[in-house]
2 protein chains.
Amino acid sequence: MNKEIPYKIYLEESELPKQWYNVRADMKNKPAPLLNPKTLKPSTLEELSQVFCEELAKQELDDTTPYIDIPQEILDFYKMYRPAPLVRAYCLEKALDTPAKIYYKFEGNNTSGSHKLNSAIAQAYYAKKQGLKGVTTETGAGQWGTALSMACAYLDLDCNVYMVKVSYEQKPFRREVMRTYGANVTPSPSMTTEVGRKINEQFPGTNGSLGCAISEAVEAAQAKEGYRYVLGSVLNQVLLHQTVIGLEAQAACKKYDIKPDIIIGCAGGGSNLGGLISPFMGEKLRGEADYRFIAVEPSSCPSLTRGVYAYDYCDTGAVCPLSKMYTLGSTFMPSSSHAGGLRYHGMSSVLSQLYDDGLMEATSVEQTSVFAAATQFARVEGILPAPESSHAIKVAIDEAMKCKETGEEKTILFGLTGTGYFDMYAYQKFNDGVMGDYIPTDDEINESLARMPKLD
Amino acid sequence: MNKEIPYKIYLEESELPKQWYNVRADMKNKPAPLLNPKTLKPSTLEELSQVFCEELAKQELDDTTPYIDIPQEILDFYKMYRPAPLVRAYCLEKALDTPAKIYYKFEGNNTSGSHKLNSAIAQAYYAKKQGLKGVTTETGAGQWGTALSMACAYLDLDCNVYMVKVSYEQKPFRREVMRTYGANVTPSPSMTTEVGRKINEQFPGTNGSLGCAISEAVEAAQAKEGYRYVLGSVLNQVLLHQTVIGLEAQAACKKYDIKPDIIIGCAGGGSNLGGLISPFMGEKLRGEADYRFIAVEPSSCPSLTRGVYAYDYCDTGAVCPLSKMYTLGSTFMPSSSHAGGLRYHGMSSVLSQLYDDGLMEATSVEQTSVFAAATQFARVEGILPAPESSHAIKVAIDEAMKCKETGEEKTILFGLTGTGYFDMYAYQKFNDGVMGDYIPTDDEINESLARMPKLD
């Protein structure tokens, strides 16, 4: 009954998803609500609409509607770079000499270089539809800022990006891509916001952090008429938009009768992992199928594997709603020797709940092993992977090697979120043999956790 | 009868070309033969086989066989990143408000970031098949070196790249991609070859040039048992491999009843332009159809538009065969303020002959206008184009704007050879408004032409 499986599976236009899938609708234990940082009560639609576009605030709160229509304008934009292929890693399998079948869903074939564009265009679209002038955001490694710049250029929206200072300085080319797409890029902490000035005063010469850039972007949005804040990960709305990844993968698997045993994704804030696994998790929640899901995080920022499940601040300035999530504490800073993204202190509340319910596993890997896997993958599969994506590659290879030992012919699916063209400085360190690993001590994590808000 | 034309046309696997097309077979005036630099007589198969793999030397000399089978192993590799889409530039058309229909063949969806991979895998394959240990080559901007590194990693061949020193230093990330794919990258001129040592002695502190790096790579190949030299452009064999671009484009046009009036490509050594236009030129040569072909070169290196048609050296050290081509003289050096590639002093002998016969037009454009076109294109079409490719974008936009004036609904097809992720330094100069234009004076060109070999 097995149709011959092509090297790369591209769905036909008629087979593409027309709706996003909201996994919360099928979850028995819903993710905990966001809390207003002032009242510590669940954030209302009205409150969230001060920060986010109204339609996005609705999506953020909706945990009952299983399918949400993708507006035609977004479907049209998706055509510019979607469908993303589901690729059978024949060459990697051969190199590993494993009986496992390995597939990856490749999201890097667009200028932003990652899956981030899936949500950037959705958030920009709703902002445009609401008649806004522009949006503000933060970016760390730069993939999200690039994606948002592209979406805003396409829709003629003003785009203001607060870029973590160390990235702004070390990744000038990322910054230039954003500028080429017409965005204003400001190194964070800056002197253009109150919270930025305060942090600069408190920590002179600071390199900045994602949590701080978020606070600045939120303040900047609220200071200007016709602006809202947008975010590239962590939020329910972002996971919703990213389900286009999983829905395409699921449709491709169904079409060719592929049944993944294990589904693997890298996890920072959770946007890619949540998007990839949601539709499959839905099958598991409804009792239709079973899968092993593995979240892979860097050992230098291990929120699922070493954090606590509790309400925490999403940003340094504590201007955003609080979220119940696996967290290392909002003041946790991963070592500057950590090369890739995946540096956020917390995890999506949806994924946190699924993990807490035992529906998903998590593991952490060290960066030198990640770059070794990335290099091995690049040489046989042709694609130069982003460091973030390579966390999933590492664990996919590990699982395939286990199959080699046991002789099992498992089917492994992983998310290849993007390309590493702007990460060559890190590759150079690896090539030169001067890349190190960094694992925070228990004391470091405990100190950060001790600074978390006490809500009870 | 017009089928609805998708945004992006991807051919089915069964529709992909299985043979390359050799346009020389249909040319009445064949391109002039290569000359042995010592005897000044046409290079024989035996002589060429000292420099190139034997099968490639055969392809270099074959001007009668119209179709040459693509070996299955190369077809398998092509599956990793081909077919390349033929894209209807709906968004660009709308932004220009032109009645013209604009299509582009996009070759950037692979890690090497350009069309160069089409010939890299072919040349690496024949080297492997001949039982060689490895290959040597030169690279300027780095696209060719990256492509060859990828192909060699895939086939487990040793890969030695002489990279023009100024690029080696200014584009460290290109260098790291090659190293990640396992290549040895040496800045040229180096002290590892006789010709390199001589040039370093003669011009202390030189930044290097493509012509010099070619000489070093040829010498390095001949010094080691089991090595041959490979080249990314200019040669007949390279144009042959690159016809996969034009054949796919032609098949996609036929399938959807698209009839291009104008076909445009950027031209450095001619690999992309030759590959794109060859199959369409074949129709023209056989009297089956008519097309306007436009070669676009940088005004800073205008071999077709301001050079002479004569035998010239292909490299600085004069170790390669001589080629009859449009040339600015092998000692011509484009200004260092010229940002992109397309810096070679001569042009493919096939394209030179077609141009001389009036079958193809040529024009030159200044780099600030090229980057302006690139930015306009990026913002509406999503893809960040390579500076080289953007020469074609510039002229495609110009032709579309002419249609706007006249009201003609012409169909324009251009080659989008690659992406600009490693060219952000040049984009930054453009974004900062500090990029200049540089047009060589008549005196500069005449001085270089005066240094050319006198053969009669």
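Below are the figures for this structure:
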item	result
Criterion: closer than 29 Å to B:K38 by Cβ, among the polar types (S, T, N, Q) and touching a Ser or Thr at 6+ places or on another chain (Cβ under 8 Å) - qualifying residue of B:S335, B:S349	B:S349
Per-region count, region A:1-32, residues assigned to a loop (DSSP other than H, G, I, E, B) and within 14 Å of chain B (Cβ to nearest Cβ)	9
Selected residue (criterion: nearest to the other protein chains (Cβ to nearest Cβ)) from residues of region B:414-456 that are among the hydroxyl-bearing types (S, T, Y) and assigned to a helix (DSSP H, G or I)	B:Y427
Condition met for A:K404 (out of contact with any Lys or Arg (no Cβ under 8 Å at 6 or more places or on another chain) and outside any helix (DSSP H, G or I))	no
Condition met for A:L359 (touching a strand residue (DSSP E or B) at 6+ places or on another chain (Cβ under 6 Å), part of a loop (DSSP other than H, G, I, E, B) and more than 14 Å from every other protein chain (Cβ to nearest Cβ))	no
Those residues of region B:363-379 which are within 11 Å of chain A (Cβ to nearest Cβ), crowded, with 22+ Cβ neighbours inside 10 Å and farther than 14 Å from B:G433 by Cβ, in sequence order	B:A374, B:F377, B:A378
Output for region B:116-141, where each listed residue is among the charged types (D, E, K, R) and open to solvent by 20 Å² or more (accessible area, probe 1.4 Å)	B:K116, B:K128, B:K129, B:K133
Verdict on A:R174 being over 30 Å from A:I68 (Cα atoms) and open to solvent by less than 10 Å² (accessible area, probe 1.4 Å)	yes
In region B:270-309, the residues that are touching a Lys or Arg at 6+ places or on another chain (Cβ under 7 Å) and part of a helix (DSSP H, G or I)	B:L276
Of residues in region B:380-405 being under 13 Å from B:E93 (Cα atoms) and open to solvent by 10 Å² or more (accessible area, probe 1.4 Å), the one farthest from the other protein chains (Cβ to nearest Cβ)	B:K402
Single unsatisfied condition, B:A147 versus (1) of a type outside the set (V, I, T); (2) over 21 Å from B:G246 (Cα atoms); (3) touching a residue at least 40 places away in the same chain (Cβ under 8 Å); (4) outside any strand (DSSP E or B)	(2)
Hits in region A:164-191 (condition: within 14 Å of chain B (Cβ to nearest Cβ) and more than 22 Å from A:G134 (Cβ to Cβ))	A:E169, A:Q170, A:K171, A:P172, A:F173
Output for region A:310-333, where each listed residue is closer than 16 Å to A:D442 by Cβ and not in a loop (DSSP other than H, G, I, E, B)	A:T327
Among residues of region A:155-171, those that are at pLDDT 95 or above and either open to solvent by 10 Å² or more (accessible area, probe 1.4 Å) or farther than 20 Å from A:Y344 by Cβ (or both), counted	7
Evaluation of B:M452 against (1) within 25 Å of B:D398 (Cβ to Cβ); (2) touching a residue at least 12 places away in the same chain (Cβ under 8 Å) (one fails), failing number	(1)
Residues that are at positive phi and without any contact (Cβ under 8 Å) to a residue 40 or more places away in the chain, drawn from region B:383-436	B:G433
Some residue of region A:207-214 being outside any loop (DSSP other than H, G, I, E, B), touching an Asp or Glu at 6+ places or on another chain (Cβ under 7 Å), within 24 Å of A:Q130 (Cβ to Cβ) and not assigned by TED's automatic domain parsing to the domain that holds A:S337	yes
Given (1) closer than 21 Å to B:A378 by Cβ; (2) within 14 Å of chain A (Cβ to nearest Cβ), number of the condition B:A141 does not satisfy	(2)
Out of B:A127, B:A151, B:A122, sole residue that is within 13 Å of another protein chain (Cβ to nearest Cβ), within 23 Å of B:K224 (Cα to Cα) and in contact with a helix residue (DSSP H, G or I) (Cβ under 9 Å, 6 or more places away or on another chain)	B:A151
Residue list for region B:253-308, restricted to those being surrounded by fewer than 18 Cβ atoms within 10 Å (Cβ to Cβ), within 24 Å of B:S233 (Cα to Cα) and in contact (Cβ under 8 Å) with a residue 40 or more places away in the chain	B:L285, B:R292, B:T305, B:V308
Hey, A:A396 in contact with a strand residue (DSSP E or B) (Cβ under 7 Å, 6 or more places away or on another chain), over 29 Å from B:P172 (Cβ atoms), assigned to a helix (DSSP H, G or I) and not assigned by TED's automatic domain parsing to the domain that holds A:S167 or not	yes
Some residue of region B:101-115 being assigned by TED's automatic domain parsing to the domain that holds B:Y355, buried (at least 18 other Cβ atoms within 10 Å of the Cβ) and in a helix (DSSP H, G or I)	no
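The rows are residues; the columns are (1) open to solvent by 20 Å² or more (accessible area, probe 1.4 Å); (2) over 26 Å from B:M347 (Cα atoms); (3) within 14 Å of chain A (Cβ to nearest Cβ); (4) not hydrophobic (A, V, I, L, M, F, W, C).
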residue: B:T193; (1), (2), (3), (4): no, yes, no, yes
residue: B:R197; (1), (2), (3), (4): yes, yes, no, yes
residue: B:P204; (1), (2), (3), (4): yes, yes, no, yes
residue: B:S215; (1), (2), (3), (4): no, no, no, yes
residue: B:A221; (1), (2), (3), (4): no, no, no, no
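The values are calculated or read from the model by the stated rules, or taken from the named source; none is laboratory data. Quantities reported herein were computed from a predicted structural model and do not represent experimental measurements. In this analysis, Cβ positions are derived from the backbone assuming ideal geometry, glycine residues included, and neighbour counts consider all displayed protein chains. When the accessible area is computed, the model is the full protein with side chains, heavy atoms only, and any ligands, DNA or RNA have been set aside. Shrake-Rupley method; radii C 1.70, N 1.55, O 1.52, S 1.80 Å.
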